[in-house]
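Each remark here refers to the structure printed beneath this line.
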Amino acid sequence: MTPLIAIAAEAAEQKSAEVTDWAGRLGWVAGLLLFVAFVYWLMRQGWKWRGSLQSDLPELPAAPDTTGEATLTLSGRYHGSTTAGQWLDRIVAHGLGTRSRVELMLTDAGIEVVRPGANDFFVPAEALREARLDKGIAGKVLTEGGLLIVTWAHGDKLLDSGFRSDRAAEHTAWVEAINSMNHATTTTEGIAR
């Protein structure tokens, strides 16, 4: 018998050891599952706690019956809203923290945000402050200019809402259109964003 055949025969005879301590193994699996469930519960409690801290935020405005002709439309994703200027301070009250598909329509009355499976809302034109291209919002970071960020007033808070179009080339037209609606955002001094 050649050494190669002998090694192959010996390897075929070897078997892994039988599991004899089933109780110990099942205990470890159960412990791991309990740990994962506990971490999930803590994350859920944190989300609820953040929502209760933001309970002073008024209800989201609904679209009026007639909004006029759509100037621009966009299909894409809604990535969430944050306190303006603080890209990690996520707003979760009234479903604003829920990511979803989105259909946006810009009219003279404002922006209609239609989110299948989540709360729709309307941003009146007088609440719009500015629009810009950015690279991140809470929980989502993309390449420079990958997100359309719309800053708007809701109650006594300024919010940044992040959207990403299925066709990123549309973002620039949205920034120009929204910023032209509100002439107060035009900067004449200093460094513009």
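The values are calculated or read from the model by the stated rules, or taken from the named source; none is laboratory data. Quick caveat: nothing in here was measured; it's all calculated off a predicted structure. Every residue, glycine among them, receives a Cβ derived from its backbone with ideal geometry; neighbour counts consider all protein chains shown. Accessible surface is based on the protein model in full, side chains and every heavy atom, while ligands, DNA and RNA are left aside. Shrake-Rupley method; radii C 1.70, N 1.55, O 1.52, S 1.80 Å.
What you get for segment 95-139, charging only the Cβ of Lys and Arg (+1) and of Asp and Glu (-1), is a dipole of about 320 debye around the Cα centre. Note on segment 54-132: with neighbouring protein chains present and a 1.4 Å probe, carbon and sulfur make up 49 percent of its accessible heavy-atom surface.
Residues whose amide H lies under 5 Å from that of Phe121, counting only those 5 or more places away or on a different chain, are Val113, Arg115; hydrogens are built 1.01 Å from N in the peptide plane. To the nearest 10, the accessible area of Phe38 is 110 Å² with a 1.4 Å probe.
Hey, what's the chain come to in accessible area per residue, 1.4 Å probe, Å²?
That works out to 64 Å² per residue.
Within the listed set Trp22, Trp47, Trp87, the residue fluctuating most in the Gaussian network model of the chain (springs between alpha-carbon atoms under 10 angstrom) is Trp22.
Taking Cα centre as origin and charging only the Cβ of basic (Lys, Arg, +1) and acidic (Asp, Glu, -1) residues, the dipole magnitude of the chain rounds to 540 debye. A Förster radius of 25 Å combined with the Cβ-Cβ distance from Val141 to Ser75 puts the calculated FRET efficiency at roughly 0.70.
If one takes the longest principal axis of the Cα atoms in the chain, at what angle in degrees, from 0 to 90 and to the nearest 10, does the Cα axis of helix 171-181 lie? Its long axis makes an angle of about 30 degrees.
Multiplying the residue separation of Leu60 and Thr83 by 0.36 nm and subtracting their alpha-carbon distance yields 6.8 nm.
Select one label from (1) 36, 16, 15; (2) 27, 22, 14; (3) 52, 23, 16: the one whose number is semi-axes √(5λ) of the Cα gyration tensor in Å as derived from the coordinates shown. Matching the structure shown: (3).
Taken one residue at a time, the phi angles of segment 53-66 give Karplus couplings (6.51, -1.76, 1.60, θ = phi - 60°) of 5, 9, 5, 6, 6, x, 4, 6, x, 8, 5, x, 4, 10 Hz. Gly and Pro are set to x. The Cα atoms of segment 95-158 give a gyration tensor whose axes a ≥ b ≥ c have a/c of 1.5 or more with a/b no greater than b/c, which makes the shape oblate. The amide H of His154, built 1.01 Å from its N in the peptide plane, has Leu159 as neighbours under 5 Å, considering only residues 5 or more places off or on other chains.
Give the total of Lys-Lys pairs in the chain with Cα-Cα distances below 27 Å; include a pair only if its members are 8 or more places apart or on different chains.
Numbers: Lys48/Lys140; Lys48/Lys157; Lys135/Lys157; Lys140/Lys157.
Going through the chain pair by pair, I get 4.
With Cβ to Cβ distances under 15 Å as the rule, what net charge do the other residues near Gly31 carry (K, R +1; D, E -1)? After counting each charged neighbour, the total is 0. Over the chain, with a Gaussian network built from C-alpha contacts below 10 Å, which listed residue (Leu26, Leu133, Leu53) shows the highest mean-square fluctuation? Sorting by GNM fluctuation, first place goes to Leu26. Here the gap between Leu158 and Thr98, fully extended at 0.36 nm per residue and compared with their Cα-Cα distance, gives a gain of 19.8 nm.
Amide hydrogen proximity for Thr107: with H placed 1.01 Å from N in the peptide plane, the residues at 5 or more positions away or on another chain lying under 5 Å are Thr71, Glu112.
Expressed in nm to one decimal, what extension gain is obtained for the pair Met43 and Glu10 from 0.36 nm per residue of sequence separation less their Cα-Cα distance? Let's see the in-between values first.
Details: separation 33, 0.36 × 33 = 11.88 nm, distance 5.17 nm.
The span from Met43 to Glu10 would gain 6.7 nm if fully extended.
Using only DSSP helix segments of four residues or longer, with each worth -39500 (n - 2.57), what per-residue ellipticity at 222 nm results for the chain after dividing by its residue count and rounding to 500? Walk me through the numbers on the way to the answer.
On the way: 3 runs with 54 residues, N = 193.
So the calculated ellipticity at 222 nm is -9500 deg cm²/dmol.
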